[in-house]
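Take a look at the structure set out below.
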Number of protein chains: 2
Amino acid sequence: MVEYLSDLEIANRSEIRPIQEIAEKAGIPKESVEPYGFYKAKINTQLIDAPVKGKVVLVTAMSPTPAGEGKSTVTVGLSDAFKKIGENVMVALREPSLGPVFGMKGGATGGGYAQVLPMEEINLHFNGDLHAITTANNALAAFIDNHIYQGNQLNIDPRRVTWKRVIDMNDRTLRQVVVGLGGPFKGVPREDGFDITVASEIMAVFCLSRDIKDLKENISKITIGFTYDRKPVTVKDLGVEGALTLILKDAIKPNLVQTIEGTPALIHGGPFANIAHGCNSIIATNTARQLADVVVTESGFGSDLGAEKFMDIKARRAGLEPSAIVVVATIRAMKMHGGVAKDELKAENVEAVKKGIVNLEKHLENLKQFGVEPVVALNAFVTDSEEEVNFVKQWCAERNIKIALTEVWEKGGEGGVELAKLVKEVMDTEQNFKPLYELELPVEEKIRKIVQDIYGGDDVVFTDSAKKQLKTIKDNGWDNYPVCMAKTQYSFTDDAKKLGRPAGFEITIRELIPKTGAGFIVALTGDIMTMPGLPKQPAALNMDIDENGNAVGLF
Amino acid sequence: MVEYLSDLEIANRSEIRPIQEIAEKAGIPKESVEPYGFYKAKINTQLIDAPVKGKVVLVTAMSPTPAGEGKSTVTVGLSDAFKKIGENVMVALREPSLGPVFGMKGGATGGGYAQVLPMEEINLHFNGDLHAITTANNALAAFIDNHIYQGNQLNIDPRRVTWKRVIDMNDRTLRQVVVGLGGPFKGVPREDGFDITVASEIMAVFCLSRDIKDLKENISKITIGFTYDRKPVTVKDLGVEGALTLILKDAIKPNLVQTIEGTPALIHGGPFANIAHGCNSIIATNTARQLADVVVTESGFGSDLGAEKFMDIKARRAGLEPSAIVVVATIRAMKMHGGVAKDELKAENVEAVKKGIVNLEKHLENLKQFGVEPVVALNAFVTDSEEEVNFVKQWCAERNIKIALTEVWEKGGEGGVELAKLVKEVMDTEQNFKPLYELELPVEEKIRKIVQDIYGGDDVVFTDSAKKQLKTIKDNGWDNYPVCMAKTQYSFTDDAKKLGRPAGFEITIRELIPKTGAGFIVALTGDIMTMPGLPKQPAALNMDIDENGNAVGLF
């Protein structure tokens, strides 16, 4: 009988080394390691002088299900496996948002014996980066409303302010609000709304800038709304790019932590992949590539969301080419995509796996379009039957697809050695990375290409207001920006309930939001919301502190 | 010709020691010092085992003016002066709110050669405490609205939710808002409003709790609103006190930094004294009293606000008795209270000083009511004339009041030695501290006593709605709580323009808000607002980063 511990229990029983020791082993100069507690540090990247040359392994997944596929777990475990086979490796991850922590049980730091530590701190405030981003976002909102209130010299139309406030919380009540009520001394009334912090353009700019100078330059280009005569108004017009950058001066330094097995991990920036672009900062990835030969990194949700944006937005911007791609798949997810309900996943059901594997098939086809050979990581769960696993292995073999069973949750890096070796084979073979589309394609066509080539849809439908926004985009010369699709993570369609590999569908674009600081156009599909809500029984109800002030019930 | 440097320039030219060195000299066990960068640390107070015995020196001031009196500067300089005369001393301060930083130029870390370091970090995010408090406050708001949305089992009346959201920003547009708009999937609409974080009851609870267990207990007692049948609803009813405490588990550890002269400083908690209770956390004060023989601490604004609340709320709760009180006064403030405009302060004007000294007189009378002898610190400015200074000295001598000219801004601790010696005389003499009122007095009478005995008013007027709230307070058994007055800092009255020592006035109580977690009743007077606004030309316009990512134009 195996004893199963919770992630928090495993984390608490693990040996954790002082962060200076991890930094030293990673070759980080001592004077650039700013400790935050004993086990976390911020890295002053200006003091690191080395070429950006490490190879990048991107971890993505099939369409996620409520069963949980363990993509972060595989990412962490794979980095530990690379260490085990003697590679100089670092892992680069997104930092968790506090919002979902209080909603659904489940952390963002891996699981079992493939975790980053200290998981409590990383899942709560970490080193304050998301708070700094929230602050910069809302300072800008306050500057905008103050400008309007104090005479509105720039002639900003309060009905056309596109800059929204944010909060790092799942709070549906703030989705749509009216601010500035209460008379002439309480501001100018207007409609407004709050997004979750991970959807803030400040978060996107933060993740897509190369250094603090670039960050300031990009912030200055943010469009906050339009004048009464429909001219875009930027942060530069308001003159507050310096102050906003100042708010981010410490946050912009990437955060160093460690895996349970002592692999150095940089965790920095955390946009969601359903409503934002979904990968950690370019600064963290580049720093890891300066320090290590192999950098394992993940993109959010399935390949249709995080990976597509990794390729078309981040990789293009950073000038990086992934050397290998790992697709995390699970028997459970295939069963759900094959029609099985969540509470029936424990029973063997080879037929459902056969039916649901089409979801994986589509993800693999998608990734090949980017010119890099995908490797399947079949992440093992105790409920998987031998026959189910063998079917998937056979299916891959018939298609000449590399696959490894991954047991990093139970065994740590040791459980990922086979995967690491397969990934290394790909890394050592020349790949032909290319983005899905050229930037010169009009925004409308970029979206159509993503919908048809990646989602497998027939066509894209633009609402009337989206059509007007397309015109605004053209008129202002923003048509060459890449597109950041906002779509449910559960389906290739814009309907979360259509699992598997749907066909014969259209995607509706409800709204297009130009993010001229981040340098992309957000396309909202279906009923996707940029502010989540809490469930009826939030995870918060089980959270507590013990006598010593330590976390209880966090995960 | 003397060269004058900005506070930031002086700070940057000062030698700063590694925080571990400061901690060691202060007798703090190594394992309890959690570094945040090289020059800041959080202190795990559970590892400090010593009696709470250090003597407390409270620094307060006459009614502040836009000229700036330098209370924090004197507080820091006095602690350095105590060090110079061989005392084992620590200074305990409030942490700055980000909100005002972007509004008016001016930091909260002292000035000249009497500053705490690193001033940039302390004035920006510091170690994240205010962000954690904001998060806990807004998590509670999200839990409340989610409860209502998900069926409202507790029968909460959305029109009677008293818990407001907060943001650490001067943002008048959020004072009065409507949330939950947009249809059935975006929540239940209701009127709401945002306060600045320093006015949050979480901030008050944070500052008035003895340890993390006490914090959780107090959070559970917070009243968030009323049911349809007018019963109070608490955090305990919602079951989220554990989660809210968890959010604060690191913030609750006090922050160690150093003065320019290497005196250890604990900076922790920062409620404003005009809209909240205005002093640093009990945990920080108690920890400093465990480590040092003399603890210099300040309360916000004039003695009518911060000091009164220090005595009647904090000291009572902490079971501490101040051993001495310092009243910071300036020639410039006396001139303004004597009717001189801000841009005419440079010219000698003994008559105005004579006229305006009545403001200081009233503060001194007030402080004597608490049974402790006040010492006047006349904080020197270059524009003071000899005759002006001599008049004030003479005035004090005639009344047998101890006074020292303080030159800590220009000279650091050396400029405060005379003051430190006078304060030590008082500390070595037995004082007879007592709060202004007994808790058994009804809330109405407590307010009347403060208005008459401290403000010098004739009487107090309650609006109709305040009268109804008095009844609610009685009905719910909250009449024994102390009162936290929210009043303009510029005047003894509720009208910011009435300077000097006004007489023959009434104070209007507009609203009474029971804070059952903090354990006090907030009384809003006049048109005081719990959310400030930004000025026409915010200080943010001058802020920037340099090539190396360091702050420019912060102060």
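Please go through the range B:426-464 and pick out each residue that is without any contact (Cβ under 8 Å) to a residue 24 or more places away in the chain and either touching a strand residue (DSSP E or B) at 6+ places or on another chain (Cβ under 9 Å) or of a type in the set (D, E, K, R) (or both). Listed by number, the residues that qualify are B:Asp428, B:Glu430, B:Glu438, B:Glu445, B:Arg448, B:Lys449, B:Gln452, B:Asp464. With respect to A:Leu266, is the statement that it is of a type outside the set (D, E, K, R), in contact (Cβ under 8 Å) with a residue 60 or more places away in the chain, assigned to a helix (DSSP H, G or I) and touching a Ser or Thr at 6+ places or on another chain (Cβ under 9 Å) true? No: the conditions fail for A:Leu266. Out of A:Ala540, A:Ala518, one residue alone is among the hydrophobic types (A, V, I, L, M, F, W, C), under 25 Å from A:Val233 (Cα atoms) and not in a strand (DSSP E or B). It is A:Ala518. The set of residues from the range B:243-261 being in a strand (DSSP E or B) and farther than 15 Å from B:Phe206 by Cα comprises B:Leu256, B:Val257, B:Gln258, B:Thr259.
Of everything in the range A:185-207 that is surrounded by fewer than 24 Cβ atoms within 10 Å (Cβ to Cβ) and touching a helix residue (DSSP H, G or I) at 6+ places or on another chain (Cβ under 9 Å), the residue that is farthest from the other protein chains (Cβ to nearest Cβ) is A:Asp195. Among the conditions (1) more than 7 Å from chain A (Cβ to nearest Cβ); (2) under 17 Å from B:Asp168 (Cβ atoms), the only one that B:His131 does not satisfy is (1).
For the range B:155-175, the criterion of being without any contact (Cβ under 8 Å) to a residue 40 or more places away in the chain, touching a helix residue (DSSP H, G or I) at 6+ places or on another chain (Cβ under 7 Å) and in a loop (DSSP other than H, G, I, E, B) is met by no residue. If the condition is being assigned to a loop (DSSP other than H, G, I, E, B) and either at the interface with chain B (Cβ under 9 Å from one of its Cβ atoms) or at pLDDT below 95 (or both), then the range A:134-154 contributes A:Gln150, A:Gly151.
Just to be sure, is B:Thr173 among the hydroxyl-bearing types (Ser, Thr, Tyr), crowded, with 19+ Cβ neighbours inside 10 Å and facing chain A (nearest Cβ under 7 Å)? In short, yes. For the range B:397-412, name all the residues that are out of contact with any Gly (no Cβ under 6 Å at 6 or more places or on another chain) and within 18 Å of B:Val57 (Cα to Cα). Once the filter is applied, which keeps residues that are out of contact with any Gly (no Cβ under 6 Å at 6 or more places or on another chain) and within 18 Å of B:Val57 (Cα to Cα), the range B:397-412 yields B:Ile401, B:Lys402, B:Ile403, B:Ala404, B:Leu405.
Of all the listed residues (A:Leu524, A:Leu470, A:Leu499), the sole one being in contact with a helix residue (DSSP H, G or I) (Cβ under 8 Å, 6 or more places away or on another chain) and closer than 26 Å to A:Gly68 by Cα is A:Leu499. Within the range B:169-189, the set of residues being among the polar types (S, T, N, Q) and either out of contact with any Leu (no Cβ under 9 Å at 6 or more places or on another chain) or under 14 Å from A:Ala139 (Cβ atoms) (or both) comprises B:Asn170, B:Thr173. Within the range B:469-514, the set of residues being buried (at least 23 other Cβ atoms within 10 Å of the Cβ) and charged (D, E, K, R) comprises B:Lys487, B:Asp494. Taking the criterion of being part of a helix (DSSP H, G or I) and within 14 Å of another protein chain (Cβ to nearest Cβ), the residues of the range B:14-42 that qualify are B:Ile19, B:Gln20, B:Ala23, B:Lys30, B:Glu31, B:Ser32. Are any of the residues in the range A:431-443 surrounded by 20 or more Cβ atoms within 10 Å (Cβ to Cβ) and within 30 Å of A:Asp229 (Cβ to Cβ)? So far as the range A:431-443 goes, yes, one or more of its residues are surrounded by 20 or more Cβ atoms within 10 Å (Cβ to Cβ) and within 30 Å of A:Asp229 (Cβ to Cβ). Restricting attention to the range A:447-488, the residues that are of a type outside the set (Val, Ile, Thr), within 21 Å of the chain's Cα centre (by Cα) and farther than 21 Å from A:Gly500 by Cα add up to 3.
Taken as a whole, the condition of being over 15 Å from A:Phe38 (Cβ atoms), surrounded by 24 or more Cβ atoms within 10 Å (Cβ to Cβ) and touching a helix residue (DSSP H, G or I) at 6+ places or on another chain (Cβ under 9 Å) does not apply to B:Val52.
Rundown of residues vs (1) surrounded by fewer than 18 Cβ atoms within 10 Å (Cβ to Cβ); (2) more than 16 Å from B:Ala132 (Cα to Cα); (3) more than 9 Å from chain A (Cβ to nearest Cβ), yes/no style:
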{"residue": "B:Lys213", "(1), (2), (3)": "yes, yes, no"}
{"residue": "B:Glu217", "(1), (2), (3)": "yes, yes, yes"}
{"residue": "B:Gly225", "(1), (2), (3)": "no, yes, yes"}
{"residue": "B:Tyr228", "(1), (2), (3)": "yes, yes, yes"}
{"residue": "B:Leu238", "(1), (2), (3)": "no, yes, no"}
{"residue": "B:Thr245", "(1), (2), (3)": "no, no, no"}
{"residue": "B:Ile252", "(1), (2), (3)": "no, no, no"}
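Set side by side, the residues A:Tyr490, A:Tyr481 differ, and just one is outside any helix (DSSP H, G or I), aromatic (Phe, Trp, Tyr), closer than 24 Å to A:Arg160 by Cα and more than 14 Å from chain B (Cβ to nearest Cβ), which is A:Tyr481.
Is one or more of the residues making up the range B:292-312 within 22 Å of B:Val116 (Cβ to Cβ), surrounded by fewer than 23 Cβ atoms within 10 Å (Cβ to Cβ) and over 19 Å from the mean Cα position of the chain (by Cα)? Looking through the range B:292-312, at least one residue is within 22 Å of B:Val116 (Cβ to Cβ), surrounded by fewer than 23 Cβ atoms within 10 Å (Cβ to Cβ) and over 19 Å from the mean Cα position of the chain (by Cα).
The values are calculated or read from the model by the stated rules, or taken from the named source; none is laboratory data. Note that the structure is predicted; figures quoted are calculated from it, not measured. Here Cβ is always computed from backbone atoms with ideal geometry, including for glycine, and neighbour counts include all displayed protein chains.
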